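The block underneath contains the structure these notes are about, expressed in structure tokens.
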């Protein structure tokens, strides 16, 4: 007998900042707490926002751009990001993503495999909330 599928209604998702004052909020959609070695996250960059330079010793990080425009830097490489783009960052790459817009948010689905402690890092951070724009993008992504 197999386990039943996991179901998480939207109302049960809580976004977090990794640290207070961050310009990126993240909501873990699934990860180790659900029995998965891979973590899937809905990420939201405020206009002009960015994540700090970071890297993952064993994980590959994949971003699917849902809405907005960004710029990714990975080691000596840079790429502009637009809706529909997929960015795959190899393990060990030193990288950061910046929202290229000063007026609109950047939204991604992010997959970290293996998790490498990512979900726990996010969920230890201060909780925040989704607003109507965030929910609209997440609902649209679910319908695509």
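Coordinate-derived values only; no laboratory data. Given the structure is predicted, the values throughout are model-derived calculations rather than measurements. No Cβ is skipped: glycine too gets one built from the backbone with ideal geometry, and neighbour counts run over all protein chains shown.
Considering only 75, 131, 34, the mean-square fluctuation computed in a Gaussian network model of the chain, springs between alpha carbons under 10 angstrom, is largest for 131. Scaled against 2.2 N^0.38 Å for its residue count N, the alpha carbon radius of gyration of segment 74-125 is 1.30. Kirkwood hydrodynamic radius computed over segment 1-65 comes to 13.9 Å, based on all pairs of distinct alpha carbons. Across segment 91-105, the residues whose backbone nitrogen lies under 18 Å from the label position 7 Å along the beta-carbon direction of residue 53 are 91-99. Taking every alpha-carbon pair under 8 Å whose residues sit at least 6 apart, segment 68-144 reaches a relative contact order of 27 percent. Stretching residue 17 away from residue 96 to a fully extended chain increases their span by 26.9 nm, per 0.36 nm per residue minus the current alpha-carbon distance.
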